[in-house]
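Report on the structure given below.
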Amino acid sequence: MTLKFCSFASGSSGNCYLVRDEKTAIIIDAGISGKKIFEGLEASGTPKEMVEAVLITHEHIDHVKSIPILSKKLPNGAVYANEATWKAIERPVAEEKRRTFVTMEDFYIGDFIVRAFPLSHDAAEPVGFSLYHGDRQISLLTDSGCVEEEIYEEISQADLLVLEANHEEEMLLFGRYPYALKKRILGDSGHLSNVTAGKCLCRIVNEKPKKRRVILGHMSRENNTPEVAMQAVVNTLEEMGIYVGGNLLVEIAARESIGPVYEV
């Protein structure tokens, strides 16, 4: 069965993604307006009644902004987060719409197996997600300052991978952000740079060869551009003799616009 993926927004100003099969739709993060999320559902041909879950990676506002309205307006959609994240979320969600998962304990939503895996970020208990369906895997890794071995093992076989390419280091270092914020972003609990994303991808391609699509996401408005991110990742790959095309497709997730619907 074909899976579908669509990014509704991916960046420092808001994040939201859709994964679905023919019966069940899952939203990952809700950091943009409810209006835009429902526009994304319409654009992707997804009735709101299909949405059974809204998965939350962590409590920062660019990931949870619209969970109150989604919990009210999605008739079958519950909101899923781990216990530490629920305690840190300051947005109201009715108790009957709350679901709590345990990080690294698989759970089911429709025919999907969902696994939340731990990330390194300055939040209560941040996670990425892998969604397994038959022999297909979609994984999402954003908001992590580093790619630890456990993270690498989780994402390395994904057929579609959303991979953070948040900033270009020189743009960040010479930009207008205050020193403390620069230090946070560059730290192990911050965000992945373009080069770090490229190096992670090099290792994946070399060690786990297969056909895959990689979507670079969560880009900074101030310290990156789609063109810079793509070129930095491509350059890093080519230095290792890896070329984009064929079994490796690399795309950019737009910061504030609904992307294409990819089949997985």
If I go through the stretch 226-264 residue by residue, how many of them are part of a loop (DSSP other than H, G, I, E, B), touching a residue at least 40 places away in the same chain (Cβ under 8 Å) and farther than 14 Å from Leu160 by Cα? 7
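Residue-by-condition table, conditions (1) part of a strand (DSSP E or B); (2) open to solvent by 40 Å² or more (accessible area, probe 1.4 Å); (3) of a type in the set (Gly, Ala, Ser):
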position: Leu70; (1), (2), (3): no, no, no
position: Arg99; (1), (2), (3): yes, yes, no
position: Tyr108; (1), (2), (3): yes, yes, no
position: Gln137; (1), (2), (3): yes, no, no
position: Ser144; (1), (2), (3): no, no, yes
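Can you report the number of residues in the stretch 2-32 which are in a loop (DSSP other than H, G, I, E, B) and over 15 Å from Lys48 (Cα atoms)? Reasoning before the result, please.
At the first step, the residues of the stretch 2-32 found to be in a loop (DSSP other than H, G, I, E, B) are 2-3, 12-13, 21-24, 29-32.
Filter again for over 15 Å from Lys48 (Cα atoms), leaving 2-3, 12-13, 29, 31-32.
Total meeting the criteria: 7.
Select, from Gly246, Gly259, the only residue that is loosely packed, with under 12 Cβ neighbours inside 10 Å and closer than 30 Å to Gly45 by Cβ.
On the way: Gly259 fails: loosely packed, with under 12 Cβ neighbours inside 10 Å.
Sole residue among the options that is loosely packed, with under 12 Cβ neighbours inside 10 Å and closer than 30 Å to Gly45 by Cβ: Gly246.
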Out of the residues in the stretch 44-60 meeting the condition of being under 18 Å from Asp21 (Cβ atoms) and out of contact with any Ser or Thr (no Cβ under 9 Å at 6 or more places or on another chain), tell me which one is surrounded by the fewest Cβ atoms within 10 Å (Cβ to Cβ). Pro47
If I go through the stretch 37-68 residue by residue, how many of them are in a helix (DSSP H, G or I) and not basic (Lys, Arg)? 15
Filter the stretch 155-208 for residues that are of a type in the set (Asp, Glu) and open to solvent by 70 Å² or more (accessible area, probe 1.4 Å) and give the result. Glu169, Glu170, Asp188, Glu207
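The values are calculated or read from the model by the stated rules, or taken from the named source; none is laboratory data. Bear in mind that the values here come from a model prediction, so they are computed numbers and not experimental data. A quick note on method: Cβ atoms are made from the backbone with ideal geometry, for glycine too, and the neighbour counts reach across all protein chains shown. Just the protein is used for accessible areas: all its heavy atoms, side chains included, with ligands, DNA and RNA removed. Shrake-Rupley method; radii C 1.70, N 1.55, O 1.52, S 1.80 Å.
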